[in-house]
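Below is one structure, written out as structure tokens, with a few remarks after it.
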Amino acid sequence: MPFISRKSVDEIRARADIVAFIGDYTSLRRAGTKWKGLSPFTDEKTPSFFVDPEKGFYYCFSTGQGGDIFKFLMARENLTFTESVERVARRFGLTVEYEQRGGNAGERSLRGELFDIHEFSAQYFSGKFGEETELAARVRDYWTRERGFDAETAGEFRVGFLPPEGSRAFAAALKKNGFSAKALAASGMFVGTDRTPNPLFWRSRFEARLIVPIADIQRRVVAFTARKIPGVTPEDGRGANEAKYINSSETEIFRKGSTLFNIDKAKDVFAGRRGADGSLSAGTRETPFVLVEGQLDAVRCWKCGIRTAVAGQGTGITEDQLLLLRRYSDRLDCLLDADEAGRKAALRLAPLAFRAGLDLRFLCVPGGKDPDEFLARAGAGGVPAILGSAVPAMTFIARRFFPQDARLTPAQTRAALDEIFGIVAASDSEVFRSDCLVRLALAAGLDRLAVERDFAHFLAAKNAEERFRTGQVSAAVPAPAPPVGGNAPLTTAEDDVLILVLNYDAVTPLFAAAIPPEWLDAESCSGRLLNRIFAEFQEGEWRGAADVHDLLETDEERDFVAKIRNRFEREDWNESDLERIANECLFRLCAKMCERERRRIDRLLGTAEADAAETLELQKKRIALRRILKNPPRIRLKDNTTAR
């Protein structure tokens, strides 16, 4: 691969708008001199991602990584440095200068070649759609007369067409443009690739169909959806031709469960953009996305003025897709077909949306019609009727299970509540759950307090079942304390204890006295480091957190310490708060040890022979563990002691 000159790299970095670029991945809001948003790398719900346009850097507190615009793209898209520079340059229309000219398709990465293949194909299909031929005219007539779209919309969405028996010419054009047979086979646009290595004998799966490109959040074409055209698509009995719609198969650049149709246009309502005066503005997170079932439904909504319409890929909506929307907006309006399939899809969607932290509402089409059919006739004038029909998700669900004209038996009511409770429990917000229960009681005509008590019983039973299934600690053990510092959750109690030790010297001698070596997980980095630190302290060799670098033996341990230090911002807690947090961490470590020992004892009890003395001894150890858990060790900063 040719090398990009240092001068060109510096110029592209300086001229690229890092806020606008990263704004394609997540919605950013101004926070002083910086911009802030949800991390594009995790599914966090509280913003911890910052972009500094003056320095040209970003930092993600949830993952502990940061860097310039090229580092962002390398981390987000798994690209090489050269590929990242070229991508940024294309995004902003900048020229890349190479120290070593040349290069051919064989030097390109497969991923980069797939993007180029899809862009070329979109242009090729669009050209065939606009050709001055009788067949192309019939396809355009189908688009305008039968589907009710105009030529402008076809141009906006780059609508295309591939004539019947047009695969050979299409493959020849791709080969002439320098694309490798390996990349063409990996593109998912052809069938028959396993029968012959020559692309000229492959057949495109989009032949004789209306073709609409699917773009990712960076506006790159990654796949296509193709619709059967009456009178054009041959009825030859081949399986693919029988389906009304077909989509690209999954490839290295296209995952159906992670891509949303029209997200490239819809997110512009939220993403930061430059105004005519050069100022950068951002949309409001209160503007909802509108989720529809099909790609042409989204095109119809866009044409009628619903500019935040998006659609799935012919499969069920996934949590990854909803988390993608959550980066830009807190709200989601769902416009599904009014049939039974649409109602079932709504019930599948609700818990996923609740888990993603989205405020979900459902929209209805007047007369129970298909959204595309209604808007094709009513046009933009029908939009207010649809948007004005918004119903909160819980009200919609309650009406589904408790129709106003039906009288349910107590058993039917209980079954309906259990199913609804399972949906409500998907959210981790107590405020949101409470609001759902109020709406449920109101819509179902039930006593609110009774519904709340039943939900509490449901959660208790669900949690008990989960603990039994996974072998976790008993109900007497409180839930783990929140991670220290309030940043993204750390995975173990050892992690949090290590953070305290590295930031607050006062707790180190107390932890060293309270925590036996066997309490720590020696398989984890934090467990190994804590054992070394406590041993150093016992020998009088520990002088403070600065000494930790002398104890790091591997690159894994060095990276780990750097990561947890980046994830934690030291706070000036008072003595009382620090003591409380330290004891919460100590309790978590104690509970973890007790549970590990309980499982070991249970295994011994299950395999030991009928030795009464041994069984009695194991039972005594079990009782001792319960006592420890009821009265775990505590540290007192005021008098510098440890109590057991």
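The values are calculated or read from the model by the stated rules, or taken from the named source; none is laboratory data. These figures come from a predicted structure and were not determined experimentally. FYI the Cβ positions are ideal-geometry reconstructions off the backbone, even for glycines, and counts take in every protein chain you see. Ligands, DNA and RNA are excluded from the accessible area calculation, which covers all protein heavy atoms including side chains. Shrake-Rupley method; radii C 1.70, N 1.55, O 1.52, S 1.80 Å.
Points worth noting:
- Matching entry among 461, 456, 476 (being surrounded by fewer than 14 Cβ atoms within 10 Å (Cβ to Cβ), modelled with pLDDT under 75 and more than 30 Å from residue 42 (Cβ to Cβ)): 476
- Residue within the stretch 170-177 that is surrounded by fewer than 17 Cβ atoms within 10 Å (Cβ to Cβ), in a loop (DSSP other than H, G, I, E, B), modelled with pLDDT of 90 or more and touching a helix residue (DSSP H, G or I) at 6+ places or on another chain (Cβ under 7 Å) present: yes
- Members of the stretch 158-169 found to be small (Gly, Ala, Ser), farther than 15 Å from residue 119 by Cα and not in a loop (DSSP other than H, G, I, E, B), listed by number: 167, 169
- From the options 228, 265, residue that is modelled with pLDDT of 90 or more, more than 15 Å from residue 298 (Cβ to Cβ) and open to solvent by 20 Å² or more (accessible area, probe 1.4 Å): 228
- Of the residues screened, residue 404 is one that is surrounded by fewer than 13 Cβ atoms within 10 Å (Cβ to Cβ) and not small (Gly, Ala, Ser).
- Total residues in the stretch 326-345, condition more than 15 Å from residue 297 (Cβ to Cβ) and either modelled with pLDDT of 90 or more or of a type in the set (Gly, Ala, Ser) (or both): 3
- Any hit, the stretch 103-116, residues being surrounded by 16 or more Cβ atoms within 10 Å (Cβ to Cβ), modelled with pLDDT under 90 and within 30 Å of residue 286 (Cα to Cα): no
- Residue 138 being open to solvent by 40 Å² or more (accessible area, probe 1.4 Å), among the basic types (Lys, Arg) and assigned to a loop (DSSP other than H, G, I, E, B): no
- Spans of strands (runs of 3 or more DSSP E) in the stretch 1-96 with at least 1 residues open to solvent by 10 Å² or more (accessible area, probe 1.4 Å), among the aliphatic types (A, V, I, L, M) and more than 27 Å from residue 266 (Cα to Cα): none
- Where residue 498 falls short, out of the listed (1) part of a loop (DSSP other than H, G, I, E, B); (2) at pLDDT 80 or above; (3) open to solvent by less than 30 Å² (accessible area, probe 1.4 Å): (1)
- Residues that are surrounded by fewer than 18 Cβ atoms within 10 Å (Cβ to Cβ) and not charged (D, E, K, R) within the stretch 510-519 comprise 513, 516, 517, listed in sequence order.
- Of the residues examined, residue 597 is not one that is out of contact with any helix residue (DSSP H, G or I) (no Cβ under 8 Å at 6 or more places or on another chain), part of a helix (DSSP H, G or I) and modelled with pLDDT of 80 or more.
- Failed item in (1) charged (D, E, K, R); (2) assigned to a helix (DSSP H, G or I); (3) open to solvent by 70 Å² or more (accessible area, probe 1.4 Å), with residue 418 passing the rest: (3)
- Among the conditions (1) farther than 21 Å from residue 323 by Cβ; (2) without any contact (Cβ under 8 Å) to a residue 60 or more places away in the chain; (3) open to solvent by 20 Å² or more (accessible area, probe 1.4 Å), residue 202 misses just one, which is (3).
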